[in-house]
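One structure is given here, and the rest of the page talks about it.
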Amino acid sequence: MRLLIAAITAAQLAGCASTHPPKVTPAEIATKYGGVRTIEDGLVVTRYPDGSGSVSATDDILQDRWSISCGVDAMTDKRDCSFHNQIGGLFVHFGQSKTPREVCAFGHDFPGRTAQIRVDNNSPVSTDREGCVPASRLIGQLKVGSTVVVRYYDWPYDYPRDKSSSLAGFSKTLQVIDETLSR
């Protein structure tokens, strides 16, 4: 009887054996979803047919990256573009414009508070209460800068939080969006 129980237990455990899925590279993921992953100007650039994509300094999907969204608006049939770096807390909104309209503090949502955005050692730029500033106030600095620091307030915590990230790939991201809008 013990032998039978041992055999049944072994058979059940064999079915529970942990098998790890094969390692899939970011390039394979891009290909699976119709995307193209290239190295441009030393940066990893991924483009998908729907207008989304990313630009990063490394192939590691957990590191700083600029995530691009350029979907087609269901009412106007025009592209509505934006990009962000969630690690660094920066969001750039184009809307249906061919140029950036706003730069915003990603995650800023505390009523009545303003956020701040600082590029390198330049003076911090205070946002409106929505956490945004006209893009013209910061785009020039962001294109040539190395680092951005975003100070924001998120509900319900009434104290500042800072996020910092590299600006590597920022200008390339603007170029990728420009190419997407030109198609």
Problem set entry | Complete set of residues in region 150-181 that are outside any loop (DSSP other than H, G, I, E, B), over 16 Å from the mean Cα position of the chain (by Cα) and of a type in the set (Phe, Trp, Tyr) | TYR152
Seminar exercise, completed: ILE177 meets each of (1) more than 14 Å from THR114 (Cβ to Cβ); (2) of a type outside the set (Phe, Trp, Tyr); (3) touching a Gly at 6+ places or on another chain (Cβ under 7 Å) with one exception, condition (3)
For this session: Return a yes/no flag: does region 157-173 have any residue that is among the β-branched types (Val, Ile, Thr) and touching a residue at least 60 places away in the same chain (Cβ under 8 Å).
Result: yes
Seminar exercise, completed: The residue from THR173, THR127 that alone is in contact with a Ser or Thr (Cβ under 6 Å, 6 or more places away or on another chain) and either on the phi < 0 side of the Ramachandran plot or among the polar types (S, T, N, Q) (or both) is THR127
For this session: Go through region 56-80 residue by residue and tally those that are among the basic types (Lys, Arg) and within 16 Å of the chain's Cα centre (by Cα).
Result: 1
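Considering only region 44-80, state which residues are of a type in the set (A, V, I, L, M, F, W, C), free of Cβ contacts under 8 Å to residues at least 12 places away in the same chain and within 21 Å of SER182 (Cα to Cα). Even if it seems obvious, please write down each step before you answer.
The first filter runs over region 44-80 and keeps only residues of a type in the set (A, V, I, L, M, F, W, C), leaving 44-45, 55, 57, 61-62, 66, 68, 70, 72, 74-75.
After this cut, where a residue has to be free of Cβ contacts under 8 Å to residues at least 12 places away in the same chain as well, the list is 62, 74-75.
Listed by number, the residues that qualify are ALA74, MET75.
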For this session: Within region 140-149, track down each residue that is surrounded by fewer than 18 Cβ atoms within 10 Å (Cβ to Cβ) and outside any loop (DSSP other than H, G, I, E, B).
Result: GLY140, LYS143, VAL144, THR147, VAL149
Exercise. Of the residues SER69, SER126, which single one is touching an Asp or Glu at 6+ places or on another chain (Cβ under 9 Å), closer than 23 Å to GLY145 by Cβ and of a type in the set (Gly, Ala, Ser)?
Worked result: SER69
Exercise. Of all the residues that make up region 44-68, how many are within 22 Å of LYS163 (Cα to Cα) and not in a loop (DSSP other than H, G, I, E, B)?
Worked result: 6
Exercise. Can ARG129 be described as of a type in the set (Lys, Arg) and either assigned to a loop (DSSP other than H, G, I, E, B) or within 14 Å of LEU174 (Cβ to Cβ) (or both)?
Worked result: yes
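Taken together, the values in this text are just the output of simple stated rules run on the coordinates, not laboratory data. Quantities reported herein were computed from a predicted structural model and do not represent experimental measurements. So basically every Cβ, Gly included, is an ideal-geometry build from the backbone, and we count neighbours across all protein chains shown.
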